[in-house]
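What follows is calculated from the coordinates using simple rules that are stated; it is not laboratory data. Keep in mind the model is a prediction, meaning the values are calculated, not measured. Glycine also receives a Cβ, built like all others from the backbone with ideal geometry; neighbour counts cover every protein chain displayed.
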Amino acid sequence: MTSRIQETTPYAESCKAPLKPIALRRTPELDGDAPEDKRKEIALYFTNTFDTYTRLFECLADDSGFYQKSIPLRHPLIFYLGHTATFFVNKLLLAKLLPERIDPHMESVFAVGVDEMSWDDLNEDHYEWPNVSAVMDYRADVRSTVLNLIESLPLNLPITWEGAWWPIIMGIEHERIHLETSSVLIRQHDLKKVRPQPEWAPIQETGEAPRNELITVPAGEIHIGKPYDDAYYGWDNEYGEHRNRVEEFKASQYLVSNQEFLEFIEAGGYELDRHWSDEGLSWLQYTRAKHPTFWRWRNGWVLRLMTEEVDMPWDWPVEVNYLEAEAFCGWKREQTGRPIRMPTEDEWYRLCSVAGVEEVGNNPANANLHLDHGASSCPVTRHRHGKWFDVVGNVWQWTETPTYPFDHFRVHPLYDDFTTPTFDGQHNLIKGGSWASCGNEARLAARYAFRRHFFQHAGFRYIASDAKVVQPNAYYESNKLLTEYAEFHFGDTAFGVENFPKAIADLALEAMQGKPTGKALDIGCACGRSSFELARQFEVVEGVDFSANFIRLGVEMADQGSIRYSLVEEAELVSYHTRSLQALGLENHAGKVSFHQGDACNLKPLFTGYDLVLAANLIDRLYRPKYFLNHIHNRINDGGLLVIASPYTWLEEHTPREEWVGGFKKDGENYTTLDGLKDHLSSHFRLVGKPRKVPFVIRETEHMHQHTLSEVTIWERLPRV
């Protein structure tokens with residue numbers, strides 16, 4: 001496919017053209033009164049982003065660099081090459097803007113990334129990555145498809161959160177995020193696997209490091225959070241409202257430089273336990289770190305940049321994780337006798353206000369942002385903001401604030417797991433952006449958070465303040481659908497009807513008597529109650545659901561042993577609830593359960609070898625139930641069971657009419673879903689016993705409940721011939 005929208009450098013030519021300095025376009029305003037001009041602007045923003053991201057991977061010396069991991073806790077770079085293109089397809093399919101997938105295999109393998117959960121929790125045993133040329137071809141197909149959509153989709157301004165164009169902008173901004181995070185992985189890669197590129201040349205300027213001083217930031221009010229009709233794209237956690245009064249504090253004039261951090265190292269900072277938190281000590285003992293991760297000793301200190309090592313630029317900002325920055329502040333407190341720490345998010349916004357920092361315009365930024373000045377940090381003395389330097393830009397700045405939702409926060413239905421998985425008190429906000437931050441990342445409203453042991457292009461500045469750091473209030477899940485399902489899975493029974501996820505799991509376990517109970521799959525697991533119940537007997541239980549929000553609740557219950565949520569009682573009146581595995585007698589089984597986001601109609605190959613597959617209230621919500629039924633036998637061991645429960649509520653809003661398994665006339669006669677199940681499953685299964693009806697009740701409010709019957713059928717996998 002081709003597009004009539006003209007580009008400055010067509011894609012096919014750009015891959016062959018000589019490398020030029022990067023010129024990244026700014027994130028566009030989403031309002032205006034000239035739709036066709038806006039269409040062209042978005043097309044150029046898309047191609048500028050997509051092509052720059054593709055060229056980033058030319059920093060790898062050869063194809064082997066795509067498959068060797070940069071660090072153990074992340075996927076290899078081949079994943080990130082394919083992931084951003086897959087993201088476009090998956091979101092556009094969800095928004096019903098694409099009629100079908102471009103490549104189901106690619107869109108399964110590259111669908112879900114990795115958040116660093118612990119030091120050693122990523123298992124790559126089951127991944128078979130495509131070759132580089134195939135992924136490049138796939139990217140080209142996605143590029144053409146998105147450009148044609150941009151050209152043809154009706155456009156009315158403004159582009160809103162609910163509008164059809166939102167997922168297009170979402171895909172572009174998502175790729176801008178990965179432009180930066182992939183540059184970090186390239187920087188962490190084996191130096192032999194990368195090569196310098198003129199387009200990604202570092203800044204050359206360096207000099208003597210300044211002596212840092214603390215400068216007073218007067219007390220004042222902050223009012224942050226975007227309205228939902230803001231003119232610029234935002235991620236869900238940017239919206240809402242937060243007000244606070246910030247007490248006076250003193251902020252370091254400069255970011256902490258390599259020179260200033262060297263004093264901490266030479267004072268034995270990495271050897272003195274008293275400067276480190278418990279979490280920091282655990283990380284330190286595991287990694288045995290003695291210095292920042294990008295420092296190297298070559299008969300003198302050198303600094304690893306993206307594709308090369310250079311003599312240590314002592315006046316550049318040090319790049320460390322939160323735990324190292326926290327330890328430095330502890331050492332600084334001891335040295336100065338002052339209450340030194342990192343700023344909170346509110347204090348950072350107050351500093352921005354006092355320093356007179358404004359949004360980045362279309363001219364080169366007065367900050368090391370947006371790749372405007374080069375592909376590296378620069379001296380901490382280069383970009384002045386009021387009395388301070390680098391209030392924004394150069395490197396991200398760690399804060400003391402774990403990410404949390406503003407008042408009136410809500411998730412976007414097309415990306416329900418962008419922020420909500422990080423509301424766990426373990427992901428701290430970084431502010432201000434780095435030299436590689438562009439698009440939405442470079443705006444003051446941006447709120448990105450990472451685990452405290454994570455490495456980004458991130459450093460810190462310190463403050464002196466007697467004000468106590470107040471952590472955000474505990475988060476109670478309030479999304480109506482989520483809370484209804486949380487109550488359905490873990491809450492009270494209603495009208496004497498047994499808890500449905502437990503009842504279905506009990507039926508499955510009863511049917512498994514005398515059979516192996518090694519491994520079970522709970523497909524369409526929602527919040528996971530059945531998964532935990534199956535773990536009473538199974539050695540391994542894997543819960544898979546399409547909704548990241550549902551999975552998040554299951555993971556939270558497994559990790560923390562409890563979940564919190566609010567329930568609607570009447571109109572705006574709510575009640576608050578905490579449910580625990582201990583109260584359900586399941587606390588000893590959580591270690592056998594894992595949860596995964598996945599598509600039942602496009603499951604990854606690693607989900608196989610099961611003695612039981614439970615599909616409860618799933619098939620009549622799938623977009624390709626026939627495909628699911630025709631292929632699920634491949635994932636079940638001989639003699640294993642498939643348990644299907646469904647109320648057979650076929651609706652075209654969930655399942656295309658031609659995909660219905662039953663519930664219609666066929667050859668003039670009634671054709672039930674049970675008839676359809678027999679037709680689709682009988683080649684590989686035999687029906688065990690008779691179908692049975694199992695009731696369930698879903699609570700909507702105190703005075704409104706849904707009562708439904710689900711038909712349960714049990715199918716035994718026939719021996720393979």
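Summary table below
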| read-out | value |
| --- | --- |
| Where N is the number of residues in region 480-717, Cα Rg divided by 2.2 N^0.38 Å | 1.00 |
| Dipole of the chain, positive end: most advanced residue of 546, 313, 164 [Cβ charges, Cα centre] | 313 |
| Dipole magnitude of region 480-717 about its Cα centre (Cβ charges: Lys, Arg +1; Asp, Glu -1), debye to nearest 20 | 700 |
| Cα pair distances in region 334-403, grouped into 5 Å bins until the bin that holds the longest one, percent each | 3, 16, 21, 22, 20, 12, 3, 2, 1 |
| Per-residue HN-Hα couplings for region 451-462 [Karplus 6.51, -1.76, 1.60; θ = phi - 60°; Hz; x = Gly/Pro] | 4, 5, 8, 6, 10, 10, 6, 9, x, 6, 10, 10 |
| 5 angstrom amide H check on residue 391, placed H, neighbours 5+ away | 385 |
| Cα radius of gyration and Dmax for region 576-721 (Å) | 17.3, 55 |
| Unit charges at the beta carbon, dipole of region 170-289: most positive-side option, 275, 206, 251 | 206 |
| Nearest-20 debye value, region 385-527 charge dipole, Cβ charges on Lys, Arg, Asp, Glu | 760 |
| Cα-derived Rg over Rh, computed across region 74-113 with Rh taken as Kirkwood radius | 0.99 |
| Rg ratio (alpha-carbon, reference 2.2 N^0.38 Å) - region 278-409 | 1.21 |
| Kirkwood-type radius of region 134-242, with distances r between different C-alpha atoms, in Å | 19.2 |
| Dipole of region 480-717 [Lys/Arg +1, Asp/Glu -1 at C-beta], most positive-end residue of 663, 649, 582 | 663 |
| Square roots of five times the Cα gyration tensor eigenvalues for region 393-448, Å | 21, 14, 9 |
| Ranked list, fewest to most other Cβ atoms within 10 Å of each Cβ, for 144, 182, 376 | 144, 182, 376 |
| Residue-by-residue Karplus 3J(HN,Hα) for region 569-585, coefficients 6.51, -1.76, 1.60, Hz, glycine and proline x | 9, 7, 6, 8, 8, 10, 10, 10, 9, 10, 10, 10, 5, 4, 5, 9, x |
| Modelled label reach - residue 624, point 7 Å along Cα→Cβ, region 545-574 residues with backbone N closer than 18 Å | 545-547 |
| Peptides 642-648, 61-67, 185-191 ordered by average Cβ neighbours within 10 Å, highest first | 642-648, 185-191, 61-67 |
| Overall dimensions of region 407-490 by Cα: Rg and Dmax, Å | 16.2, 48 |
| √(5λ) per eigenvalue of the Cα gyration tensor, region 464-583, largest first, Å | 31, 19, 12 |
| Listed peptides 401-410, 423-432 by packing density, highest first (mean Cβ within 10 Å) | 423-432, 401-410 |
| Size-normalised alpha-carbon gyration radius of region 11-200, reference 2.2 N^0.38 Å | 1.06 |
| Of the DSSP H helices in the chain, those whose Cα atoms cover at least 18 Å axially and whose Kyte score averages 0.5 or more | 77-94 |
| Contact order normalised by residue count of the chain, Cα under 8 Å, 6+ apart, percent | 11 |
| Region 11-200: relative contact order in percent, alpha carbon pairs under 8 Å with at least 6 residues between | 39 |
| Unsatisfied cross-links (Cα-Cα over 32 Å) in the set 519/626; 38/193; 91/192; 69/387; 519/665; 40/604 | 38/193; 91/192; 69/387; 519/665; 40/604 |
| Theoretical ellipticity at 222 nm over the chain - DSSP helices of four or more residues, -39500 (n - 2.57) apiece, nearest 500 | -8500 deg cm²/dmol |
| Fewest-first sequence of 658, 441 by Cβ atoms within 10 Å of each Cβ | 658, 441 |
